[in-house]
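One structure is given here, and the rest of the page talks about it.
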Amino acid sequence: MNDRQAKLRLRALELIRKFGKGSSGRVLSAIDLIEGLYFGTENGRQIFSHNSLVPQEEDRDFFILSKLEALPALYAVLEEEQYNLPELLPMLPNRKVPGVELTSNEHAYGLIYAVGIAQAIQMQRKNQHVFCLAGDYELRYGRAWEAIRLAGEQRLDRLCLVIDENDARDQMIQERFEAFGWKVIKLANAHSHDEIVYSYMKARITQRKPACIWAPTIKSAGVPFAERKPEYDDVVYSDTEMKEITNILT
């Protein structure tokens with residue numbers, strides 16, 4: 001874990017405490033995947049093209065958060081990237097917040113929206129990419145698979161879907177992506193900054209098919225006393241626990 005990953009964890013957990021509720025386990029499983037996208041570089045250039053001063057810049061890349069529970073992780077990353085966020089942040093994704101592309105309160109809707117943006121980019125032949133983070137549980141929805149099938153059929157190679165996988169262990173799911181015409185990039189360590197960045201680089205250069213980064217994550221990653229323990233999935237950490245976490249991460 002690098003220093004920035006540790007800092008972002010603390011900030012995301014502080015936001016959950018401020019909200020008074022949240023899925024700490026799923027936030028910490030996803031945060032490194034978002035950090036790697038926003039801070040990853042190749043030969044000194046950003047992998048993810050974005051501008052905190054002009055969030056709606058016309059030629060930007062898109063990041064769509066389909067995994068609603070991971071919103072505090074996105075807020076922490078946007079703050080670190082100097083986006084001008086309001087003092088009162090909504091608890092669900094809202095595109096009125098700078099850097100948030102979609103207003104949503106439904107699982108898998110972000111995935112569908114990302115496919116739609118990728119279709120528009122392909123039709124207009126623009127040099128932009130769409131990155132979407134979804135939870136593995138969203139693959140239980142038929143509407144998600146309809147969007148996945150469509151993306152494969154239309155060879156939407158500007159689309160990269162990241163699956164934060166900490167519940168599903170079915171190898172057949174990955175094979176189903178491949179059957180629908182996707183390139184699957186599986187991470188060995190879904191919390192390694194370097195490996196995550198490299199997977200995004202591979203996804204960007206994939207041609208004539210969309211890319212799926214399969215990321216087997218750990219719930220509550222970075223907090224040893226809570227890792228892989230279901231009882232910590234949806235907790236708001238106490239003052240005592242936050243002191244212990246701060247000592248671990250600083």
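Going down the list LYS18/LYS229; LYS126/LYS183; LYS67/LYS186; LYS96/LYS202, which pairs span over 29 Å between their C-alpha atoms? The answer is LYS96/LYS202.
Less than 5 angstrom separates the built amide H of PHE62 from those of HIS129, VAL130, PHE131, all sequence-distant by 5 or more or on a different chain. Amide H contacts for VAL235 (H built 1.01 Å from N in the peptide plane; partners 5 or more residues away or on another chain; cut-off under 5 Å): SER24, GLY25.
May I ask what percent, to the nearest 5, of DSSP beta bridges between residues of region 3-249 are antiparallel?
The answer is about 10 percent antiparallel.
Derived scalar couplings between HN and Hα for region 116-129 equal x, 5, 4, 4, 5, 4, 5, 5, 8, 6, 8, 9, 10, 10 Hz in order, rounded to whole Hz, by the Karplus curve 6.51 cos²θ - 1.76 cosθ + 1.60 (θ = phi - 60°), x for Gly and Pro. Sequentially through region 243-250, phi angles give Karplus couplings (6.51, -1.76, 1.60; θ = phi - 60°) of 5, 5, 5, 4, 5, 5, 9, 10 Hz, Gly and Pro residues having no value and appearing as x.
For the chain, the relative contact order works out to 25 percent when only alpha carbon pairs closer than 8 Å and six or more residues apart are counted. Computed from point charges on the beta carbon alone (+1 for Lys and Arg, -1 for Asp and Glu), the dipole magnitude for region 3-249 about its Cα centre is near 600 Debye. Partner aspartates and glutamates whose Cα lies under 14 Å from the Cα of LYS209, excluding those fewer than 8 positions away in the same chain, are identified as GLU153, ASP157, GLU178. Amide H contacts for ILE185 (H built 1.01 Å from N in the peptide plane; partners 5 or more residues away or on another chain; cut-off under 5 Å): CYS212, ILE213, TRP214. In order along region 191-197, the phi-based Karplus estimate (6.51 cos²θ - 1.76 cosθ + 1.60, θ = phi - 60°) of 3J(HN,Hα) comes to 10, 8, 4, 5, 5, 4, 4 Hz; Gly and Pro are listed as x. Simple spin-label estimate for LEU88 and GLU146 gives 3.6 nm between the two label positions (7 Å along the Cα-to-Cβ direction from each Cα).
Per-residue ellipticity at 222 nm computed for the chain from its helices equals -13000 deg cm²/dmol, with DSSP H segments shorter than 4 residues left out and the rest contributing -39,500 (n - 2.57).
Note on mean projected area of the Cα convex hull in nm²: of the candidates (1) 12.5; (2) 16.3; (3) 19.4, the value calculated from this structure sits at (1).
Computed from the coordinates by the stated procedures, all read-outs in this text should not be read as laboratory data. Note that the structure is predicted; figures quoted are calculated from it, not measured. So basically every Cβ, Gly included, is an ideal-geometry build from the backbone, and we count neighbours across all protein chains shown.
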